[in-house]
Structure formats: C-alpha cells, structure tokens
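Participant: Once you've had a glance at the structure underneath, I'll fire off some questions.
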C-alpha cells in the first residue's frame, strides 16, 4: 500500500511538471508570435494581412504537424517566409503550441434536419430519424439550411474556450421567434427568456477546455433570422449570421506618416506582386520578376478584408483613383529587351528599397515621397556599359531625371542612377 501511495505521488508530481512544461512552451511561443507573427496575423490571432489563426477555417490543416509544416516551409508566393530557415525546430514547436492554445469557438458541428415538424408536435429529436444529416462547414449554427418550409433542425458539436478567455460570458443575440429554440452546453439547458422579447442576454460561466454544445431549432415563425454570440473578453460567433457579420468588415492598413509594404493579391497586378503605400497618399505594385510597376493609384492602400476573411481566396481591393489602366505599366528595359531579373529581397530602412540581380548586374528601386510626389529612384551596378530605358505610359504625368524621351521611352543621361517622379497633387 505504501509503494502504491508513493507511485501515485510520483504520477501527480510528474503531471504537474508536464503541465508547467506545456505552459512554458506556450509562453515562449507567445513571445515568438509577438515578435514575428502579429503584424500579419493580428495581436489576437484574429487576422490582418494574413488569415485568422484561431477559428475553424484553415487553408493548410489545423493539426499540430500541419501548423509546424506551414511555419517551417512558409508560403513565399503569399509573402510568408519559411521560418524553418531562421528558427530552431524547438522554437517552431513552441509557436505551434501557442497557436493551438488560442483556438476558440465551434468545432466538429453536425446537423440533422427533420421535415414537417412543428412546435406542437412535442417530439424528442434524439429519438426520431432525420431526413438529412451532414457535417457543417463552417461550423456555425444556421437555421436557413433546410430546403423545406416547415422543419426542425438540431446541431451538435464542441465549443472551445481557451484559458485566457475562460470565466464569465454573456450569450447575446437576437431571435425572431420566442419559442422553439433550445441550447444545451455540457448537457445543461441554457434558459432563454420566456417573454416575447427578441433580444437574448444571458450571463453564463465557462471553464477553459472543450464543451459539448447542442442547439435545437423548430421553426415557428416565417423568418429564421437568428444571431447568437458568446461575449466575454472577446466575442465568439455561434450562428452563421453572427459569423458573417464578423467577417464582412473591411480592413485597411494605414501608413499614416510613413510607408507600408504589403504582399496581397490584386486583380491589377501579377501574382506575387508587392504593394507599397506612402503616407496613405499613393500606392504602387511592383512585379518582383521584372521590377515593373504594374499598378499605381492615389489615396488609401488596400481593403484587405476580402483577402483575409476568404483565407486568401479573394483579391484585396485597391482604394482610390487609378493612374494606370490594366494594360499599362512602367517597364525597365536593358539592352533593348524587357528586364529579366531575380528578386533578392527588400529593405525597409530607412525607405522601401527592392533589390534584383540579372546577368548584367544588380538593380535596385527605391521609393519615397518628395515635394508632394512619388519618386521612384533606380540604381544599376554593372561592370560594363548598359543600354537602359524606361517605358512610361504617355498619359502619365511625370517629372524625370536628365535624359531623353521619345514615344514614351525614356533614356536616362546617367544609366547608373535615375528617377521618375509622379506628382500627387496635380493628379487629384
């Protein structure tokens, strides 16, 4: 008996150590996230220029091994570095643990539809055969799924509450019908208001971890509008209407008095293009394969909301007045041929500067606001003389460094260093 007690104490002590080790890993992962991830994925993993990392929607898998693979290999075509080349596997493991510790909301939700059931039928949905049942993606309660006019629908799944959000919540929402909606969490029925009041506001308390959740909805009103959120330190949408409302907002990065470098897809530029916005006044898109300026517009940068919330499957939207048509661009020519370059990378100190290499040498393109104009400065380093030209749309109002211009083709007097300046005020 004494040996058994000793073994139990050892197991308890070991579990305590393991728990502390997991907590320490998550803490290290959080510090790493705040260093390298927050600018793209948001301070709370809610998504920014990169996708949300805490809900049920994942493009490349949400298991720990999937997350580690995504972090290690990156997605260079979408602007995400391969962090496996910069950080140790233990650090990436910590980062994955932190991301997993912040998962929240509904998961693994299944629905069952029952045709022609009414509130007065008073049946136990768990005891009768459904006309249709499926896994629900995304996993938010949606009473608009049935194809028939009169129905009952049940949803069962899990609700994830991370440690940092555990505690007091309010179930808040709006319903059109006052009866026929029953919600259960861990088998306990949540008492909805019995009055005809449409608004829902119910205080509840939830521990950290996974909770079983079930919603039963029997249609008793012509409208099936139903909003339901779990409101605490953050808001977790439970219904499809709430989720849709949360993801349709725009997200516009601001440069303010500096500049922004954004790697998002837009229809006006080739895949992989890099967007630069200066002072929320003017933006351009540069093609890293050629250094060509493929889009140019005045005003704010981009609405990246569609790109974030569609998990990269929709294009971001340039905002403002376009100065180039879809067919127009500013093109660099070397020895009378369009430049074919290898993109090396960019520097953002003190100004955005893009660096390329070719068989002819090294090319860089730097941008800044000067005298209320966008100034694009080219620098070319080569061991031999090059014939350099810049093809510029003739409709574009520009100021150029010394050189000659004929039929929209600019030949700089000094091919090593030259610039094109695009006035902002005159083009408004």
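Participant: Hey, can you tell me all the residues within segment 387-402 that are buried (at least 18 other Cβ atoms within 10 Å of the Cβ) and free of Cβ contacts under 8 Å to residues at least 60 places away in the same chain?
Facilitator: Within segment 387-402, 388, 389, 398 qualify.
Participant: Could you check segment 179-202 and list, in sequence order, the residues that are in a loop (DSSP other than H, G, I, E, B), free of Cβ contacts under 8 Å to residues at least 24 places away in the same chain and more than 15 Å from residue 238 (Cβ to Cβ)? First the steps, then the outcome.
Facilitator: Pass one, segment 179-202, residues in a loop (DSSP other than H, G, I, E, B): 179-180, 186-187, 191-198.
Retained after the next criterion (residues that are free of Cβ contacts under 8 Å to residues at least 24 places away in the same chain): 191-197.
Selection gives 191, 193, 194, 195, 196, 197.
Participant: Residue by residue through segment 122-136, note down the ones that are without any contact (Cβ under 8 Å) to a residue 40 or more places away in the chain and either surrounded by 18 or more Cβ atoms within 10 Å (Cβ to Cβ) or not in a strand (DSSP E or B) (or both).
Facilitator: Result: 122, 123, 124, 126, 127, 128, 129, 130, 131, 136.
Participant: Kindly check whether there is at least one residue in segment 18-35 that is at pLDDT 85 or above, surrounded by 18 or more Cβ atoms within 10 Å (Cβ to Cβ), not assigned by TED's automatic domain parsing to the domain that holds residue 164 and not in a helix (DSSP H, G or I).
Facilitator: Looking through segment 18-35, none of the residues is at pLDDT 85 or above, surrounded by 18 or more Cβ atoms within 10 Å (Cβ to Cβ), not assigned by TED's automatic domain parsing to the domain that holds residue 164 and not in a helix (DSSP H, G or I).
Participant: Follow-up question, since we're still on this one. Being assigned to a helix (DSSP H, G or I) and under 15 Å from residue 54 (Cβ atoms), is that true of even one residue in segment 100-121? Talk me through it step by step, then tell me what you get.
Facilitator: Initially, segment 100-121 is screened for residues assigned to a helix (DSSP H, G or I), giving 100-101, 119-121.
Then drop every residue that is not under 15 Å from residue 54 (Cβ atoms), which leaves 100-101.
For segment 100-121, residues assigned to a helix (DSSP H, G or I) and under 15 Å from residue 54 (Cβ atoms): present.
Participant: Looking at segment 207-223, which of the residues that are under 25 Å from residue 121 (Cβ atoms) and assigned to a loop (DSSP other than H, G, I, E, B) is modelled with the highest pLDDT?
Facilitator: 219
Participant: Can we say residue 404 is at pLDDT 95 or above, in a strand (DSSP E or B) and farther than 17 Å from residue 290 by Cβ? Working first, answer last.
Facilitator: Numbers: at pLDDT 95 or above: no; in a strand (DSSP E or B): yes; farther than 17 Å from residue 290 by Cβ: yes.
Considered against the rule, which asks whether it is at pLDDT 95 or above, in a strand (DSSP E or B) and farther than 17 Å from residue 290 by Cβ, residue 404 comes out as no.
Participant: Considering segment 346-361 alone, what residues qualify as being assigned to a loop (DSSP other than H, G, I, E, B), modelled with pLDDT of 90 or more and in contact with a strand residue (DSSP E or B) (Cβ under 6 Å, 6 or more places away or on another chain)?
Facilitator: Start the filter on segment 346-361 by keeping residues that are assigned to a loop (DSSP other than H, G, I, E, B), which leaves 348-352, 359-360.
Filter once more, keeping what is modelled with pLDDT of 90 or more: 350-352.
Matches in segment 346-361: 351, 352.
Participant: For segment 235-274, name all the residues that are touching a helix residue (DSSP H, G or I) at 6+ places or on another chain (Cβ under 9 Å) and either assigned to a strand (DSSP E or B) or modelled with pLDDT under 75 (or both).
Facilitator: Within segment 235-274, 235, 236, 237, 246, 247, 248, 249, 250, 251 qualify.
Participant: Filter segment 42-69 down to the residues that are part of a helix (DSSP H, G or I) and either touching a helix residue (DSSP H, G or I) at 6+ places or on another chain (Cβ under 8 Å) or closer than 19 Å to residue 107 by Cβ (or both) and list them by number.
Facilitator: Of all residues in segment 42-69, those part of a helix (DSSP H, G or I) come to 64-69.
Hits for segment 42-69 are 64, 65, 66, 67, 68.
Participant: Would you be able to tell me the number of residues in segment 78-99 that are assigned to a helix (DSSP H, G or I), touching a helix residue (DSSP H, G or I) at 6+ places or on another chain (Cβ under 7 Å) and without any contact (Cβ under 8 Å) to a residue 40 or more places away in the chain? Give the steps one after another, and end with the answer.
Facilitator: From segment 78-99, those assigned to a helix (DSSP H, G or I) are 78, 83-85, 89-99; that's our starting set.
Okay, now just the ones that are also touching a helix residue (DSSP H, G or I) at 6+ places or on another chain (Cβ under 7 Å), so 83-84, 91-99.
Next, from what is left, pick out any that are without any contact (Cβ under 8 Å) to a residue 40 or more places away in the chain: 84, 92.
Going through segment 78-99 one residue at a time, the tally reaches 2.
Participant: Checking residue 156 against (1) exposed (fewer than 13 other Cβ atoms within 10 Å of the Cβ); (2) in contact with a strand residue (DSSP E or B) (Cβ under 8 Å, 6 or more places away or on another chain): exactly one of these is not met. Which one?
Facilitator: (1)
The values are calculated or read from the model by the stated rules, or taken from the named source; none is laboratory data. Because the structure is a prediction, the values reported are computed rather than measured. Backbone-built Cβ (ideal geometry, glycine too); neighbour counts: all protein chains shown.
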